[in-house]
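Okay, so here's the structure we're looking at.
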Amino acid sequence: MSGEVMTRTAALPGQTEAEEDVTPEPQGTMSMRYMVIARIMLVAAMFGAWEFAPVSRGIKFWLSSPSAILSTLWGWMVDGSLWAHLGATLSVMVTGYVLGCAVGISLGLLFGFLPRVYRVLVPFIAAFYALPKIALAPLFIILLGIGMSSKVALVAITVFFLLLNSTIDGVRDVDRDLVQSLRLMGATRIEVLRKVLLPSALPWIFTGARISVRYAFTATLLAELIAANRGLGFLIEFNSGNFNATGSYAAIVVLVAFSVTLTEILTRVQAMTAMHRN
Amino acid sequence: MRMENNVQDKIAAAASTDQAATVADKINLEGASKTFHMRGQVIRALQAIDLSVRREEFVALVGPSGCGKSTILNLVAGLLPPSAGTVLYDGRPVRDLNRRVGYMTQKDTLLPWRRAADNIRVALELRCRPTSHSEADEKVARMMELVGLKGFENHYPSELSGGMRKRTLLARTLIYEPETLLMDEPFGALDAQLKLIMLDQLQALTQQRRITVLFVTHDLGEAITLADRVVVFSARPGRIRAIRNIDLPRPRDVFRIRFTDVFARYHEELWDVLKDEVTKGTDI
Ligand SMILES: Nc1ncnc2c1ncn2[C@@H]1O[C@H](COP(=O)(O)OP(=O)(O)OP(=O)(O)O)[C@@H](O)[C@H]1O
Ligand SMILES: [Mg+2]
């Protein structure tokens, strides 16, 4: 998991992860309808087998059943604990993400602006970049406690390095001739930054921002699994810690719903920007 | 043939005698040369050159591909330092970027994320050139009309043809009225008809605004049509083979001057020098 966190984002703008590149094949409405029916039947069969599997009570405890999971979920919704956990996870993730993006992009642009400073700092940045950020989680807990701030710090630092690097990549990719032509016209360094460096780096920044949403999610969850008293990660950890299989399954169902929604939103946003760019 | 060469050498010699930097000179290259070091390889792009351009003069540089014409413009713009010798602008050495010149580069340097009109406008958005919004709009509209791009305001560079991009670049360079224009094959991608129209516009503009021009072209006819002086370069590493004054009265009729006898004589004379160099050129 941590190996994934340190993967470098060499992705070019327009180049997307394969899983997001899946465009629906042109299908007739008839075959589309059959597919939906087939899927529903598959799910129904699976849940049916799960629900009515002729197994002993002992195994049933570990296997749980869809109806038990649903009623647990319903209970969480009614007593409001589900929304509290969801809210906790979301607020850690969003705060850390926004913080990491803001600082990463700003510093990336600054380094583009002061290439000499950047050259001095390169080895240090590279060393930190290579470090799996999750290893810092215990340290953050010592420094910042087990509350929200240590988790936000972990998410922010993960996102920060991703955005720093994609911004720097973007700035370095800028056509030097465009910079020179603007400078010859009398542009100041700030004007060159605003009119050439930033617009030229924007696709890279955007790619970095999109990719790091997933990393932010993973980092949030890991931080909550390690030490927390709230959040989706805590929900899984707590239930399995209490040997509550039904509770663990229910928490995972919530997690799946959450990731699917996130992916869906990202795909929509990406489609919108792609349309905008053409 | 032999006699002609003799004459040309005399012309070149005569031209190089008045090289002393006088106040009237806008640009002076004094023994300026350029050598590139690339992957352990030494490329002599330009031999020591002496050349001066007077204020409001139109000087055309012609020569085989790779002989260092663009390099000369880069030296004058301060984008490159000379390997030896000096480059003076207004009598002072060019150190950093030379902000007094407008440079229309050989390479397309339009901003790809800006529409044509916004590309042309960019110079007017800079702090050093405070321009009101309506004034900028008006100037941009006038420039678009001048270069014949009316109706293409909202096209991105990738949606324009090569010639249209060149014209957008020209408009972008002209809009802020620089006192000196460096132009590197500005009309190479245009068809003959449009090229003549653009030459006509350029002549009118530079005359009216009293602009000094250093103009690189591989089209000898274009050089003679516009220039006060034509400088012919040798093959790489470039050195001046001949400098010829073009004593044709202004304003010149860009569309007809090509059919006059005087023009033909200039053309023949300069072509004799140029064709030797072009066939010698190793880059083609
Ligand atoms: N940045 C550079 N690094 C290395 N070599 C260079 C560089 N710029 C130019 N040269 C070399 O210098 C020589 C002169 O180049 P230059 O661009 O001035 O030629 P040119 O006369 O403008 O040619 P063309 O008519 O084809 O544009 C060429 O042989 C080129 O290979
Ligand atoms: Mg050139």
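Every read-out reported here was derived from the displayed coordinates using simple, explicitly stated rules and does not represent laboratory data. Computed from a predicted structure; not experimentally measured. All Cβ positions, glycine included, derive from the backbone under ideal geometry; neighbour counts span all protein chains shown.
Can you give the relative contact order of the range A:162-278 as a percent, counting alpha carbon pairs under 8 Å and 6+ residues apart?
Details: 71 pairs, mean separation 22.8, N = 117.
Reported as a whole number, the value is 19 percent.
Largest first and in whole Å, what are the equivalent-ellipsoid semi-axes of the protein assembly as shown based on the Cα gyration tensor, each being the root of 5 times an eigenvalue?
Details: eigenvalues 933, 133, 83 Å².
They are 68, 26, 20 Å, listed from largest to smallest.
What residues have an amide H closer than 5 Å to that of B:LEU46, excluding those fewer than 5 places away on the same chain, when H is modeled at 1.01 Å from N in the peptide plane?
Residues meeting the criterion, in which the H sits 1.01 Å from N, are B:LYS34, B:GLY238.
Hey, with R₀ at 56 Å, roughly what FRET efficiency would B:HIS133 and B:LYS275 work out to, going by the Cβ-Cβ distance, to 0.05? Intermediate results must be reported in sequence, preceding the final value.
Numbers: r = 52 Å, r/R0 = 0.93.
After rounding, the FRET efficiency stands at 0.60.
Just to check I understand the Karplus step: with θ = phi - 60° and J = 6.51 cos²θ - 1.76 cosθ + 1.60, what whole-Hz values come out for the range A:205-214, glycine and proline as x?
My calculation for the range A:205-214 gives 4, 5, 4, x, 5, 5, 5, 6, 4, 5 Hz in order.
List every residue whose amide H lies under 5 Å from the amide H of B:ILE246, counting only residues 5 or more places away in sequence or on a different chain, with H placed 1.01 Å from N in the peptide plane.
Amide H neighbours of B:ILE246: B:ARG229, B:VAL230.
Taking R0 as 30 Å, what's the FRET efficiency between B:ASP219 and B:ASP261 from their Cβ-Cβ distance, rounded to 0.05?
Calculated value: 0.90.
Subtracting the Cα-Cα distance from 0.36 nm times the residue separation, let me have the gained length for A:GLU51 to A:THR267 in nm, one decimal.
The span from A:GLU51 to A:THR267 would gain 74.4 nm if fully extended.
Counting Lys +1, Arg +1, Asp -1, Glu -1, what net charge surrounds B:MET104 among other residues with beta carbon under 11 Å of its beta carbon?
Computed value for this residue: +1.
With θ set to phi - 60° and the Karplus curve 6.51 cos²θ - 1.76 cosθ + 1.60, what are the ³J(HN,Hα) couplings of the range B:214-220 in order, to the nearest whole Hz, using x for Gly and Pro?
For the range B:214-220, the Karplus-derived couplings read 10, 10, 9, 8, 10, 9, 4 Hz, x marking Gly and Pro.
Considering only A:LEU198, A:LEU178, A:LEU90, give the residue with the highest GNM mean-square fluctuation for chain A, with springs between Cα atoms whenever their separation is below 10 Å.
Most flexible of the set in this elastic network: A:LEU178.
Please arrange A:TYR118, B:TYR103 by counting, for each residue, the other beta carbons lying within 10 Å of its beta carbon, fewest first.
A:TYR118, B:TYR103
Where the Cα atoms of the range A:178-278 are projected onto their three principal axes, how long is each span, largest first, in whole Å?
70, 30, 13
Go from 0 up to the bin containing the longest alpha carbon distance in chain A, width 5 Å each, and give me the % of pairs per bin.
1, 5, 10, 12, 13, 13, 12, 11, 8, 6, 4, 3, 1, 1, 0, 0, 0
Go ahead and set up a Gaussian network model of chain B, Cα springs under 10 Å, then flag whichever of B:THR35, B:THR180, B:THR71 fluctuates most.
B:THR35
To check my understanding: the extent here is largest minus smallest coordinate of the Cα atoms along each principal axis. What are those three numbers for chain B, in Å, largest first?
Cα spread of chain B along its principal axes, largest to smallest: 59, 46, 39 Å.
Can you say what percent of the DSSP beta bridges in the protein assembly as shown, counting only those with both residues inside, are antiparallel? Round to 5.
Antiparallel: roughly 55 percent of the beta bridges in the protein assembly as shown.
Charges at C-beta only: +1 for Lys and Arg, -1 for Asp and Glu. How large is the resulting dipole of the range A:66-277 about its Cα centre, in Debye rounded to 20?
About 700 debye.
With contacts defined as alpha carbon pairs under 8 Å and 6 or more residues apart, what's the relative contact order of chain A in percent?
Relative contact order of chain A: 26 percent.
Tell me, in nm to one decimal, what length is gained between B:ALA204 and B:ALA189 on full extension, where the rule is 0.36 nm per residue of separation less the Cα-Cα distance? Don't skip to the end; give the middle numbers.
On the way: separation 15, 0.36 × 15 = 5.40 nm, distance 2.11 nm.
Gain on stretching B:ALA204 to B:ALA189: 3.3 nm.
Which of B:GLY162, B:GLY78, B:GLY66 moves the most in a Gaussian network model of chain B with Cα springs under 10 Å?
Its mean-square fluctuation being the largest, the pick is B:GLY162.
Taking amide hydrogens as modeled 1.01 Å from N in the peptide plane, which residues meet the under 5 Å criterion relative to B:ARG241, leaving out close sequence neighbours?
Amide H neighbours of B:ARG241, under 5 Å, 5+ apart: B:VAL232, B:PHE233, B:SER234.
Residue by residue through the range A:111-119, which ³J(HN,Hα) values in whole Hz follow from phi under the Karplus form 6.51 cos²θ - 1.76 cosθ + 1.60 (θ = phi - 60°), with glycine and proline marked x?
Result, ordered by residue: 5, x, 7, 10, x, 5, 4, 4, 4 Hz.
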